[in-house]
Amino acid sequence: MNNVKRVQILERLRENNPNPQTELNWSSPFELLIAVLLSAQATDVSVNKATDKLYPVANTPQAIYDLGVEGLKEYIKTIGLFNSKAENTIKTCRMLLDLHNGEVPEDRAALEALPGVGRKTANVVLNTAFGWPTIAVDTHIYRVSNRSKFAMGKTVDDVEQKLLKVVPKEFKLDVHHWLILHGRYTCVARKPRCGSCIIEDLCEFKEKTEV
Ligand code: SF4
(Lines give C-alpha, C1' and ligand atoms only; values in the text may rest on other atoms or scores of the structure.)
Protein backbone atom coordinates (compact mmCIF):
# COMPACT_ATOMS: atom_id res chain seq x y z
CA MET A 1 0.00 0.00 0.00
CA ASN A 2 1.30 3.45 -0.79
CA ASN A 3 1.48 6.38 1.61
CA VAL A 4 -1.13 8.46 -0.19
CA LYS A 5 -3.68 5.73 0.45
CA ARG A 6 -2.54 5.35 4.04
CA VAL A 7 -3.14 9.03 4.71
CA GLN A 8 -6.57 8.81 3.09
CA ILE A 9 -7.42 5.91 5.39
CA LEU A 10 -6.22 7.79 8.45
CA GLU A 11 -8.11 10.93 7.46
CA ARG A 12 -11.27 8.90 7.07
CA LEU A 13 -10.85 7.14 10.40
CA ARG A 14 -10.21 10.52 12.06
CA GLU A 15 -13.24 12.11 10.43
CA ASN A 16 -15.37 9.23 11.64
CA ASN A 17 -14.03 9.42 15.22
CA PRO A 18 -12.04 12.61 15.90
CA ASN A 19 -11.32 11.85 19.55
CA PRO A 20 -11.02 8.07 19.98
CA GLN A 21 -10.79 6.67 23.49
CA THR A 22 -9.99 3.34 25.04
CA GLU A 23 -13.07 1.34 26.02
CA LEU A 24 -11.54 0.56 29.40
CA ASN A 25 -12.81 2.67 32.29
CA TRP A 26 -10.08 4.60 34.10
CA SER A 27 -9.55 7.91 35.84
CA SER A 28 -5.84 7.87 36.73
CA PRO A 29 -2.67 6.39 35.19
CA PHE A 30 -2.71 3.76 37.93
CA GLU A 31 -6.30 2.72 37.18
CA LEU A 32 -5.42 2.49 33.48
CA LEU A 33 -2.28 0.44 34.17
CA ILE A 34 -4.18 -2.10 36.25
CA ALA A 35 -7.08 -2.24 33.79
CA VAL A 36 -4.71 -2.94 30.88
CA LEU A 37 -2.85 -5.54 32.92
CA LEU A 38 -6.17 -7.26 33.66
CA SER A 39 -7.31 -7.06 30.04
CA ALA A 40 -4.80 -9.56 28.59
CA GLN A 41 -6.85 -12.23 26.80
CA ALA A 42 -10.06 -10.77 28.25
CA THR A 43 -12.62 -8.31 26.94
CA ASP A 44 -12.71 -4.68 28.01
CA VAL A 45 -16.33 -5.21 29.06
CA SER A 46 -15.35 -7.95 31.51
CA VAL A 47 -12.51 -5.82 32.91
CA ASN A 48 -14.81 -2.81 33.35
CA LYS A 49 -17.34 -4.93 35.23
CA ALA A 50 -14.62 -5.93 37.69
CA THR A 51 -12.93 -2.55 38.07
CA ASP A 52 -16.27 -0.76 38.45
CA LYS A 53 -16.54 -2.65 41.75
CA LEU A 54 -12.86 -2.68 42.65
CA TYR A 55 -11.88 0.96 42.09
CA PRO A 56 -14.46 2.56 44.42
CA VAL A 57 -12.94 0.36 47.15
CA ALA A 58 -9.28 0.41 46.12
CA ASN A 59 -7.71 2.48 43.35
CA THR A 60 -4.19 3.18 44.61
CA PRO A 61 -1.14 0.89 44.85
CA GLN A 62 -1.36 0.90 48.65
CA ALA A 63 -5.08 0.14 48.76
CA ILE A 64 -4.87 -2.71 46.27
CA TYR A 65 -1.74 -4.06 47.92
CA ASP A 66 -3.62 -4.06 51.22
CA LEU A 67 -6.34 -6.26 49.72
CA GLY A 68 -3.75 -8.99 49.22
CA VAL A 69 -3.84 -11.62 46.47
CA GLU A 70 -6.89 -13.42 47.86
CA GLY A 71 -8.80 -10.22 48.54
CA LEU A 72 -8.11 -8.95 45.03
CA LYS A 73 -9.21 -12.24 43.48
CA GLU A 74 -12.70 -11.69 44.87
CA TYR A 75 -13.03 -8.65 42.60
CA ILE A 76 -11.41 -10.05 39.47
CA LYS A 77 -12.41 -13.72 39.53
CA THR A 78 -14.73 -13.27 36.54
CA ILE A 79 -11.76 -12.28 34.33
CA GLY A 80 -9.69 -14.91 32.51
CA LEU A 81 -6.32 -15.80 34.03
CA PHE A 82 -7.34 -14.07 37.26
CA ASN A 83 -4.98 -16.11 39.46
CA SER A 84 -1.79 -14.95 37.77
CA LYS A 85 -3.21 -11.48 37.19
CA ALA A 86 -3.96 -11.11 40.91
CA GLU A 87 -0.41 -12.10 41.78
CA ASN A 88 1.12 -9.80 39.19
CA THR A 89 -1.08 -6.90 40.25
CA ILE A 90 -0.09 -7.20 43.90
CA LYS A 91 3.61 -7.45 42.96
CA THR A 92 3.23 -4.45 40.66
CA CYS A 93 1.64 -2.42 43.46
CA ARG A 94 4.52 -3.36 45.77
CA MET A 95 7.07 -2.23 43.18
CA LEU A 96 5.25 1.04 42.54
CA LEU A 97 5.31 1.72 46.28
CA ASP A 98 8.94 0.69 46.74
CA LEU A 99 10.49 2.18 43.63
CA HIS A 100 8.20 4.91 42.33
CA ASN A 101 6.66 6.56 45.34
CA GLY A 102 3.30 5.00 44.52
CA GLU A 103 3.18 6.67 41.09
CA VAL A 104 3.06 5.11 37.62
CA PRO A 105 6.43 5.89 35.99
CA GLU A 106 6.33 7.69 32.66
CA ASP A 107 9.19 5.55 31.43
CA ARG A 108 9.10 2.53 29.15
CA ALA A 109 11.84 0.50 30.85
CA ALA A 110 10.40 1.12 34.31
CA LEU A 111 6.92 0.11 33.13
CA GLU A 112 8.14 -3.05 31.41
CA ALA A 113 9.98 -4.02 34.61
CA LEU A 114 6.63 -4.33 36.42
CA PRO A 115 5.25 -7.89 36.76
CA GLY A 116 2.62 -8.63 34.12
CA VAL A 117 3.50 -5.53 32.09
CA GLY A 118 4.90 -6.15 28.62
CA ARG A 119 5.59 -3.90 25.68
CA LYS A 120 1.95 -3.67 24.65
CA THR A 121 0.73 -2.63 28.10
CA ALA A 122 3.55 -0.10 28.41
CA ASN A 123 2.62 1.32 25.01
CA VAL A 124 -1.02 1.71 25.99
CA VAL A 125 -0.15 3.46 29.26
CA LEU A 126 2.41 5.76 27.63
CA ASN A 127 -0.03 6.60 24.85
CA THR A 128 -3.31 6.90 26.68
CA ALA A 129 -2.28 8.16 30.11
CA PHE A 130 0.74 10.25 29.11
CA GLY A 131 0.08 11.22 25.48
CA TRP A 132 3.12 9.56 23.90
CA PRO A 133 2.82 8.72 20.17
CA THR A 134 3.29 5.01 20.83
CA ILE A 135 1.37 2.30 18.98
CA ALA A 136 0.33 -0.76 20.99
CA VAL A 137 -0.23 -3.62 18.58
CA ASP A 138 -2.79 -6.17 19.78
CA THR A 139 -4.53 -8.95 17.90
CA HIS A 140 -7.02 -6.52 16.30
CA ILE A 141 -4.38 -4.11 15.04
CA TYR A 142 -2.23 -6.97 13.82
CA ARG A 143 -5.14 -8.38 11.80
CA VAL A 144 -6.41 -5.08 10.37
CA SER A 145 -2.91 -3.92 9.43
CA ASN A 146 -2.07 -7.13 7.60
CA ARG A 147 -5.46 -7.80 6.04
CA SER A 148 -5.88 -4.32 4.59
CA LYS A 149 -2.14 -4.21 3.75
CA PHE A 150 -1.91 -0.91 5.64
CA ALA A 151 1.20 -2.11 7.52
CA MET A 152 2.24 -5.69 7.01
CA GLY A 153 4.43 -7.76 9.30
CA LYS A 154 4.93 -11.32 10.47
CA THR A 155 4.86 -10.49 14.20
CA VAL A 156 3.21 -7.85 16.36
CA ASP A 157 6.62 -6.22 16.79
CA ASP A 158 7.11 -6.07 13.01
CA VAL A 159 3.71 -4.43 12.61
CA GLU A 160 4.46 -1.95 15.38
CA GLN A 161 7.72 -0.92 13.73
CA LYS A 162 6.03 -0.66 10.33
CA LEU A 163 3.23 1.48 11.73
CA LEU A 164 5.71 3.76 13.51
CA LYS A 165 7.44 4.21 10.17
CA VAL A 166 4.47 4.79 7.88
CA VAL A 167 1.98 6.68 10.06
CA PRO A 168 2.57 10.44 9.85
CA LYS A 169 3.15 12.29 13.12
CA GLU A 170 -0.25 13.99 13.23
CA PHE A 171 -2.04 10.61 13.39
CA LYS A 172 0.32 8.73 15.71
CA LEU A 173 -1.39 9.52 18.99
CA ASP A 174 -4.77 8.14 17.91
CA VAL A 175 -3.96 5.47 15.33
CA HIS A 176 -3.88 2.59 17.78
CA HIS A 177 -7.41 3.38 19.01
CA TRP A 178 -8.77 3.76 15.49
CA LEU A 179 -7.33 0.44 14.38
CA ILE A 180 -8.44 -1.43 17.51
CA LEU A 181 -11.99 -0.14 17.19
CA HIS A 182 -11.99 -0.90 13.47
CA GLY A 183 -10.86 -4.45 14.17
CA ARG A 184 -13.27 -4.93 17.03
CA TYR A 185 -16.42 -3.78 15.24
CA THR A 186 -15.85 -3.84 11.47
CA CYS A 187 -12.78 -5.75 10.34
CA VAL A 188 -13.66 -8.59 12.71
CA ALA A 189 -11.67 -11.82 12.84
CA ARG A 190 -13.93 -14.41 11.26
CA LYS A 191 -15.76 -12.47 8.59
CA PRO A 192 -14.90 -8.82 8.06
CA ARG A 193 -17.84 -6.49 7.43
CA CYS A 194 -16.43 -5.02 4.24
CA GLY A 195 -19.86 -3.91 2.97
CA SER A 196 -20.19 -1.47 5.84
CA CYS A 197 -16.52 -0.53 6.10
CA ILE A 198 -15.66 3.16 5.67
CA ILE A 199 -12.30 2.34 4.08
CA GLU A 200 -13.44 -0.43 1.76
CA ASP A 201 -12.40 1.40 -1.42
CA LEU A 202 -8.90 1.97 -0.02
CA CYS A 203 -8.31 -1.40 1.65
CA GLU A 204 -6.29 -3.91 -0.39
CA PHE A 205 -7.79 -7.11 1.03
CA LYS A 206 -8.55 -9.41 -1.92
CA GLU A 207 -11.55 -11.32 -0.58
CA LYS A 208 -13.91 -8.60 0.55
CA THR A 209 -17.32 -9.59 1.88
CA GLU A 210 -20.59 -7.97 0.95
CA VAL A 211 -21.99 -7.67 4.44
S1 SF4 B 1 -12.70 -3.59 3.61
FE2 SF4 B 1 -12.96 -5.45 4.80
S3 SF4 B 1 -10.93 -6.28 5.04
FE4 SF4 B 1 -10.71 -4.14 4.44
S5 SF4 B 1 -10.54 -3.01 6.34
FE6 SF4 B 1 -12.66 -2.99 5.76
S7 SF4 B 1 -13.58 -4.72 6.83
FE8 SF4 B 1 -11.35 -5.01 6.84
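May I ask you to verify whether Lys149 is open to solvent by 20 Å² or more (accessible area, probe 1.4 Å) and away from the ligand (no atom under 12 Å from the Cβ)? So Lys149 does not fit the description; no. If you go through the stretch 136-145 and pick out every residue that is within 22 Å of Lys5 (Cβ to Cβ) and buried (at least 19 other Cβ atoms within 10 Å of the Cβ), you end up with 6. Scanning the stretch 146-195 for residues that are among the aliphatic types (A, V, I, L, M) and under 19 Å from Asn2 (Cβ atoms) returns Ala151, Met152, Val159, Leu163, Leu164, Val166, Val167, Val175, Leu179. Inside the stretch 189-211, residues that are outside any helix (DSSP H, G or I) and out of contact with any Lys or Arg (no Cβ under 9 Å at 6 or more places or on another chain) make up a count of 8.
So that you can scan it fast, the table gives a plain yes or no per residue for (1) among the acidic types (Asp, Glu); (2) within 10 Å of the ligand (Cβ to nearest atom); (3) in contact with a helix residue (DSSP H, G or I) (Cβ under 6 Å, 6 or more places away or on another chain); (4) closer than 23 Å to Gln161 by Cβ:
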position	(1), (2), (3), (4)
Asp174	yes, no, no, yes
His177	no, no, no, yes
Gly183	no, yes, yes, yes
Pro192	no, yes, no, no
Asp201	yes, yes, no, no
Phe205	no, yes, yes, yes
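For first residues located in the stretch 144-172 and free of Cβ contacts under 8 Å to residues at least 24 places away in the same chain and assigned to a helix (DSSP H, G or I), partners that are of a type in the set (Gly, Ala, Ser) and crowded, with 22+ Cβ neighbours inside 10 Å and lie 6+ apart or on another chain with Cβ distances below 6 Å form the pairs Val159/Ser145; Val159/Ala151; Lys162/Ala151. Taken over the stretch 79-103, the criterion of being closer than 21 Å to Asp44 by Cα, aliphatic (A, V, I, L, M) and at pLDDT 95 or above is satisfied by Ile79, Ala86, Ile90. Residue count for the stretch 173-188 under the criterion of being buried (at least 21 other Cβ atoms within 10 Å of the Cβ) and not in a helix (DSSP H, G or I): the result is 1. Taken together, the residues in the stretch 85-139 that are outside any loop (DSSP other than H, G, I, E, B) and not small (Gly, Ala, Ser) amount to 27. Residue count for the stretch 54-72 satisfying the condition of being charged (D, E, K, R) and closer than 12 Å to Leu38 by Cβ: 0.
The values are calculated or read from the model by the stated rules, or taken from the named source; none is laboratory data. The shown structure was predicted, so the numbers you read here are calculated from the model rather than taken from an experiment. Cβ: placed from backbone, ideal geometry, glycine included. Neighbour counts: every protein chain shown. Quick note on the areas: whole protein, heavy atoms, side chains included, nothing else; ligands and nucleic acids left out. Shrake-Rupley method; radii C 1.70, N 1.55, O 1.52, S 1.80 Å.
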